[in-house]
Amino acid sequence: MQHLFVTGGAGFIGSNFVRMMLDKYPDLAITVYDKLTYAGRVENLQDVAANYQERYRFVQGDICDAAAVDKVIAEQQIDAIINFAAETHVDRSILNPDAFIQTDVYGTYVLLEAARKAGNLRYHQISTDEVYGHVEGSHRSLETDCVAPRSPYAASKASADHLVNAYFITYGLPITISRGANNIGPYQYPEKVVPLFVTNALNDMPLPVYGDGKQRRDYQYVLDHCEAVDLVLQKGVIGETYNIGTGTEITNLEMVEILLDELGKPRTLIQHVEDRLGHDRRYCLDVHKIMALGWEPDYSHEEALRMTARWYMHNQWWWEPIRSGEFRDYYARVYGDRKRLA
Ligand code: NAD
Ligand code: TYD
């Protein structure tokens, strides 16, 4: 039986990945290792814990704690590490970059060392399209492009990618890296734009669109991303990086309009507010390399947006307690004094 060590598995993408993998492979065991920050939630995996008691284990821990990481890897006879654990929200990285440097950079180093000490374990790093920075004109970022991160979050993820590559070149650690575009779907913490806007709209609150709303993103369905990560684990070439996204892009205003239409809410909820500092106007990935491995997305960005809106509409049990907890202070800090634009 293969045994994966999935760090950050209680977060948004990690929990979707764990559920998908256990559903898909009856021979697979997974240990989730997660610090349970504000973004990590045991309820994201409560069905998994109930359905897969024999093959699923949860350990609360910090990826920066080398002794704890080594202990779990030795006890569970781990075959591969998949690192989803990270501080992930750009606006939080602007408010306070410290945790990003700790977890995303130092934590990645701890995991790489653990993989090396355990006899060069297979290691997969979950990275992001944000490492390429703002992408000009009609260019699509290639895996071979230089990274040019512009936010503290993106810089910490790019630093981690460099470390992962360095461990491949220096120690021969069998690594792969995937760089995903914006994921959307069930269990995404409502600080990210799509769940924030959907839950605001369901509460008849304004949707704070940064600046002119003409920034461009590739919104992909989380399970499409997870399938591609699995493919990289199975067939990816060791030492290589793979972009993952639909390869299409829309503006934030187009995204908002799709969400409002799906929810049956008026466009008057749109409120333009002061822009994010250093806001990247455009991300766009070239996805030929992952498609050549035999993957293509099942959902367009419009289908993904509509499915996501419906999930939040039908799963208030999940997000209402979040919005009445830590999230309220966060919301006040980021949006409280933000100027409205005409
Ligand atoms: P998330 O914020 O929902 O989850 C992150 C998880 O990591 C949480 O469960 C949290 O508790 C855990 N964590 C944080 N610090 C930790 C630490 N020190 N030790 C152990 N666990 C810790 O994030 P997500 O959106 O699921 O993103 C997962 C990964 O995918 C991240 O590496 C992120 O950079 C990357 N990514 C995300 C997106 C996206 O659109 N969400 C796109 C591309 C790449
Ligand atoms: P986000 O979900 O934070 O992802 P990222 O910045 O990492 O791509 O934001 C997606 C886009 O939505 C981005 O262009 C910023 C914009 N945005 C808003 O307009 N308003 C908001 O309140 C948030 C959180 C984001």
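Assorted remarks:
- Residue count for the stretch 143-176 under the criterion of being among the acidic types (Asp, Glu) and open to solvent by 40 Å² or more (accessible area, probe 1.4 Å): the result is 1.
- Residue tally, condition of a type in the set (Ser, Thr, Tyr) and in contact with a Gly (Cβ under 7 Å, 6 or more places away or on another chain), over the stretch 47-105: 0
- Within the option set Ser138, Ser156, being hydroxyl-bearing (Ser, Thr, Tyr), within 16 Å of ligand 2 (Cβ to nearest atom) and farther than 18 Å from Asn252 by Cβ holds for one residue only, Ser156.
- Filter result for Gly137 (more than 11 Å from ligand 1 (Cβ to nearest atom), among the small types (Gly, Ala, Ser), closer than 19 Å to Ala80 by Cα and without any contact (Cβ under 8 Å) to a residue 40 or more places away in the chain): no
- Within the stretch 89-105, being under 25 Å from His124 (Cβ atoms) and among the acidic types (Asp, Glu) holds for one residue alone: Asp104.
- The one condition from (1) more than 16 Å from ligand 2 (Cβ to nearest atom); (2) buried (at least 24 other Cβ atoms within 10 Å of the Cβ) that Phe100 does not meet is (1).
- Pairs meeting the criteria (first residue in the stretch 159-182 and touching a residue at least 24 places away in the same chain (Cβ under 8 Å), second residue open to solvent by 10 Å² or more (accessible area, probe 1.4 Å) and assigned to a helix (DSSP H, G or I), beta carbons under 6 Å, at least 6 apart or on different chains) are Ser159/Val105; Ala160/Val105; Leu163/Tyr109; Tyr171/Arg116; Leu173/Arg116; Leu173/Tyr167; Ile175/Phe168.
- Filtering the stretch 141-158 to residues that are within 16 Å of ligand 1 (Cβ to nearest atom), in contact (Cβ under 8 Å) with a residue 24 or more places away in the chain and closer than 22 Å to Ala228 by Cβ leaves Ser141, Glu143, Tyr153, Ala154, Lys157, Ala158.
Quick grid of which residues meet (1) more than 30 Å from Ile81 (Cα to Cα); (2) of a type in the set (S, T, N, Q); (3) without any contact (Cβ under 8 Å) to a residue 24 or more places away in the chain:
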residue	(1), (2), (3)
Gly213	yes, no, no
Asp230	no, no, no
Val237	no, no, no
Leu253	yes, no, no
Gln271	yes, yes, no
Gly294	no, no, no
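- Unique residue being near ligand 1 (Cβ under 9 Å from one of its atoms), out of contact with any His (no Cβ under 7 Å at 6 or more places or on another chain) and under 24 Å from Ala228 (Cα atoms) when the list is Gly40, Gly61: Gly40
- Failed criterion for Thr103 (all others in (1) within 7 Å of ligand 1 (Cβ to nearest atom); (2) farther than 30 Å from Tyr331 by Cα; (3) β-branched (Val, Ile, Thr) hold): (2)
- Counting the residues of the stretch 177-207 that are open to solvent by 10 Å² or more (accessible area, probe 1.4 Å) and either β-branched (Val, Ile, Thr) or within 7 Å of ligand 2 (Cβ to nearest atom) (or both) gives 3.
- The residues listed here are Glu87, Glu113, Glu130; of these, the one that is charged (D, E, K, R), assigned to a helix (DSSP H, G or I) and within 11 Å of ligand 1 (Cβ to nearest atom) is Glu130.
- Pair list, Cβ < 9 Å and 6+ apart or interchain, from the stretch 25-41 residues that are at positive phi and touching a residue at least 24 places away in the same chain (Cβ under 8 Å) to residues that are of a type outside the set (Phe, Trp, Tyr) and near ligand 1 (Cβ under 6 Å from one of its atoms): Leu36/Ala10
- When the stretch 70-93 is filtered for residues that are out of contact with any strand residue (DSSP E or B) (no Cβ under 7 Å at 6 or more places or on another chain) and under 18 Å from Gly14 (Cα atoms), the ones remaining, listed by number, are Ala86, Glu87, Thr88, His89.
- Residues in the stretch 210-228 that are buried (at least 22 other Cβ atoms within 10 Å of the Cβ) and of a type in the set (A, V, I, L, M): 2 in all.
The values are calculated or read from the model by the stated rules, or taken from the named source; none is laboratory data. The model shown is predicted, which means the values in this text are computed figures rather than measured ones. In this analysis, Cβ positions are derived from the backbone assuming ideal geometry, glycine residues included, and neighbour counts consider all displayed protein chains. Heavy atoms of the whole protein, side chains included, go into the accessibility calculation; ligands, DNA and RNA do not. Shrake-Rupley method; radii C 1.70, N 1.55, O 1.52, S 1.80 Å.
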